[in-house]
Amino acid sequence: MFTNESWLLYGATGRTGTLIAEEAVARGHRPVLAGRDPDRLRRLAERLDLTWAAGPATEMSRLIGDARLVLLAAGPFGATAPAVLRACLDAGVHYLDIANDIPVATAVLAAGDQARRRGITVLPAVGFGTVASDGLARYVADQVPQAVRLDLAVLPGTDGSSAGARASTMQALAGGGRIRRGGRLVRSRLGAGSRRQHTPIGYRTLVPVPTGDLVVSGHTTGIPDITVSFPMPMPPVAARLTMPVLPVLARAAGRLPQRAKPADPAASAATTVDSYLWARATGADGQTAQAWVRTGEGYAYTARAAILAVEAALGSQPLGATTVARAFGSELSFQAGGELLAEA
C-alpha cells in the first residue's frame, strides 16, 4: 500500500482509465478523477468515493489544482498530450502518460531541460506499451553492454481495444512504417521485414510496426538499431504485399466522422488472456541475449504498471524527462506482472 499524495488521473472514465482508477484505490491512493464527461465522472467517483473535475485537456491548468502529478490516460494522445504536458511544465507538476506513440514519446523526452528546471519528472509510456517491452529490453541489454541491435516483439493478448487505442493506432499507421537505425528514426515500408517466428503460442507472422517503443527503448538502452514487431494473421508474403496500403486507409478513416460508443462496463474488467513479449540484444561481436516474458492481459497490466510508475515518480527525487526502465530498472516491469519464460 502507498500513502496518499495528491495526484490527478485524466481520462478516468475510459476503459483503461477506469481500470487505473480501481487499481489506484486498491493500493490506497485517492486520485482526483478528471475527463470531459461530467456525468460519467460523477458516477465513477461516487462508486470509488473519490473527487472529480470535468473539462477538456486544454483546460488542464485549471484542473490540476493542488495535484503534484498528472497521469494522462485519455487518447488520442497526439491531441491530448501536448496540452497536458505544457500545463504540467508550467505548474511544476510531474507528468506521466500511457501513450505508445512516437510523436508523444519524442516530445515528452525532449522536455528534459524544462522538466529539470521545474524540478519535476516526466515519464512517457507508463502502460503495457511500453513498460513491459522496455523493461524486457533493459533486461537483455544489460547482458550485452555493447549491443548494437535490439529486436522486440509484442504479442498483446486482449479481448478488444479501447476507442482511444484504436484512434492512436490509426494515427500511427497513417504515418507509415518506422524503424530505428543509427540512433535515428527512419521511414520503412509497412510489411517490409515480415517474418515467421516461433513464439510461446506457436509460429506467428511478425511485422515491424511504428510504435513508441522505438523512442522509449532507444532512450533506455542507447542501442542504435531497433525494430519492433507485432503479429499479423497472414503469411509474411501477404503482409509485404498488403500492408503498404494501410497508411492510405488509416488517413481515410481519420477523415471519417467518429461515432462515440457507449462504455461497456463488462469490457473494463480484466481478462485472463495472456500477452507475450520477446527481446533480443545483439552485440557487434555477435553476442546475443534474448528472453520471452508473459504478462497478463494488457489493460490489466497497464493499470498495475501505471500505478507503480506513479508511486515511483512520487517517491523519488525529480528525474527530468526519462523512461521507467531507465530510471527504475527492469524490476518495475516484472513487478507489474511480467513472468520471465525463457532466455538464451
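Here are some notes:
- Packing-based order for 187-196, 224-233, 328-337, using average beta carbon neighbours within 10 Å, highest first: 328-337, 224-233, 187-196
- For peptides 298-311, 35-48, 114-127, sequence by mean Cβ density within 10 Å, most packed first: 298-311, 114-127, 35-48
- Taking label positions 7 Å along the Cα-Cβ direction at both Gln146 and Arg43, the computed distance is 6.0 nm, reported to one decimal.
Taken together, the values in this text are just the output of simple stated rules run on the coordinates, not laboratory data. Note that the structure is a prediction, hence the values are computed from the model and not measured. Glycine also receives a Cβ, built like all others from the backbone with ideal geometry; neighbour counts cover every protein chain displayed.
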